[in-house]
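A.B. asks: Sharing a structure with you now.
The values are calculated or read from the model by the stated rules, or taken from the named source; none is laboratory data. Computed from a prediction, not measured in an experiment: that's the story for all the values here. Here Cβ is always computed from backbone atoms with ideal geometry, including for glycine, and neighbour counts include all displayed protein chains. These area figures cover heavy atoms from the full protein model, side chains too; ligands, DNA and RNA do not enter into them. Shrake-Rupley method; radii C 1.70, N 1.55, O 1.52, S 1.80 Å.
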Amino acid sequence: MKLTIKDIRSKKNNKEKSTCLTAYDYPFAYLVDQSGIDIIIVGDSLANVVLGLESTKDVGIQEILYHTKAVSRAVTHALVIADMPFSAYQIEPDKALGNAKRLVEEGGCDAVKVEWFTQCLTVIKEIVNAGIPVMGHIGLTPQTADKLGGFKVQGKDAERATELLQQAKESEDAGCFSIVLECVPDKIASLITNKLSIPTIGIGAGPYCDGQVLVLHDILGLSKGFKPKFVMQYADVAAQVREAIIRYKNEVLSGSFPDKAHSFSISQEEFSKLKNSIPDEKETH
Ligand code: KIV
């Protein structure tokens, strides 16, 4: 049965962890969903892990919408959350609601996620008031990492940690049903988690959050380049994919594929008829 916002919230009350992963397309969303993960985020990490782009700011509403549709088609159990791309709410905040509506109505997701930025509380309230559930995102917010001194752990000093506690509380008060804590010290994540009644979902935020999220391609060993400390790689799918492709290539080159088992046949009778009807191909025996 499809999980609801209420189900995710009551997991916190029951001291049950929420599990969350990203997905961007039908086959992987299907596998994540069938594995019993609670929440699937169509993250703007799409930019880096699927589209080969430099920054998450490089994806727009069209790309997130396209991938949200594919994910929604595959999912029957998990809550699907679409990440609001930077340009869909931070450049012109008055466009935020319209874009959130598109993600829900056309994309088929259950909620949207917004990263913290100067006007995010206004944006969150507007979207929530329109009946669309919102997940917040504080700490290291990749869309505005340049304003945070780069991709660094956030809340390592008392001043910034106080700011994060405030942002968390304000996000809850604005109506968020849950909040992502990215790259914050475990003790700060624990303080925030205890202070909020909504579930915290950590990524690089230690074990005391109400749930955990990672980028799917990172846990599968499918992403290239820098691997953050918080990533746990559970499989080397890239190696398996490479091995399969090389075996295929070698079998095509050697002629061992396709063999009889992977080919279609025609009866000898029909084949003779055909051959006899082609002058130069007439069978002589
Ligand atoms: O884009 C992303 O992958 C994220 C994760 C924190 C879920 O925002």
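A.B. asks: Which value, in Å² and to the nearest 10, is the accessible area of LYS57 when all protein chains are kept and the probe is 1.4 Å?
C.D. replies: 80
A.B. asks: Just want the answer: with Cβ charges of +1 for Lys and Arg and -1 for Asp and Glu, which residue in THR122, LEU164, GLN90 is farthest toward the dipole's positive end in the chain?
C.D. replies: In the chain, that residue is LEU164.
A.B. asks: Sticking with this structure for a sec: Would you work out the charge dipole size for the stretch 124-279 about its Cα centre, treating the Cβ of every Lys and Arg as +1 and the Cβ of every Asp and Glu as -1, and quote it to the nearest 20 debye? Before the final figure, lay out the partial values.
C.D. replies: Values: 17 positive and 18 negative charges, 97 e Å.
Roughly 460 debye, rounded to the nearest 20.
A.B. asks: In nm, to one decimal, how far is the modelled label at LYS95 from the one at LYS156, with both set 7 Å along Cα→Cβ?
C.D. replies: Going from the LYS95 label point to the LYS156 one covers 3.6 nm.
A.B. asks: Here's something else I'd like to know. For the stretch 1-86, which whole-number percentage of the solvent-accessible area (1.4 Å probe, protein heavy atoms only) is attributable to carbon and sulfur atoms? Could you put the intermediate results ahead of the total?
C.D. replies: Values: 2190 of 4000 Å².
Roughly 55 percent, rounded to a whole number.
A.B. asks: Charges only on Cβ, +1 for Lys and Arg, -1 for Asp and Glu: so what's the dipole of the stretch 58-133 about the Cα centre, in debye to the nearest 20? Show your work: numbers first, answer last.
C.D. replies: Details: 7 positive and 10 negative charges, 41 e Å.
Computed about the Cα centre, the dipole is about 200 debye.
A.B. asks: Report the local net charge at LEU51: Lys and Arg +1, Asp and Glu -1, summed over other residues whose C-beta lies under 14 Å from its C-beta.
C.D. replies: Working: positive: LYS57, LYS224; negative: ASP25, ASP44, GLU54, ASP58, GLU63, ASP83.
In short, -4.
A.B. asks: Might you work out the accessible area of THR144 for me, using a 1.4 Å probe with all protein chains in place, and round it to the nearest 10 Å²?
C.D. replies: 10
A.B. asks: Where both residues lie in the chain, what percent of DSSP beta bridges are antiparallel, nearest 5? Present the calculation step by step, with values, prior to reporting the outcome.
C.D. replies: Details: 0 of 27 bridges.
The antiparallel proportion sits near 0 percent.
A.B. asks: I've got another one for you. For the stretch 8-23 and the stretch 103-156, what is the centre-to-centre distance using only Cα atoms, to the nearest Å?
C.D. replies: Using only Cα atoms to place each centre, the spacing works out to 19 Å.
A.B. asks: Could you give each residue of the stretch 129-135 its phi-based ³J(HN,Hα) in whole Hz, using Karplus coefficients 6.51, -1.76, 1.60 with θ = phi - 60°, and x for Gly or Pro?
C.D. replies: Listing the rounded values in order: 4, 7, x, 9, x, 10, 9 Hz.
A.B. asks: With a 1.4 Å probe and all protein chains left in place, how much accessible area per residue does the chain have, in Å²?
C.D. replies: 54
A.B. asks: Please give the Cα centre distance for the stretch 59-98 versus the stretch 172-205, rounded to the nearest Å.
C.D. replies: 22
A.B. asks: At 222 nm, what value in deg cm²/dmol follows for the chain if DSSP H runs of at least 4 each add -39500 (n - 2.57) and the sum is divided by all its residues, to the nearest 500? Walk me through the numbers on the way to the answer.
C.D. replies: Working: 11 runs with 115 residues, N = 285.
The helix-only estimate for the chain comes to -12000 deg cm²/dmol at 222 nm.
A.B. asks: Describe numerically, in nm with one decimal, the distance between label points set 7 Å from Cα along Cα→Cβ at ASN250 and at ASP146.
C.D. replies: 4.8
A.B. asks: Taking 22 Å as R0, compute the FRET efficiency from the Cβ-Cβ separation of LYS15 and ASP186 and round it to 0.05.
C.D. replies: Numbers: r = 18 Å, r/R0 = 0.81.
My answer for the efficiency is 0.80.
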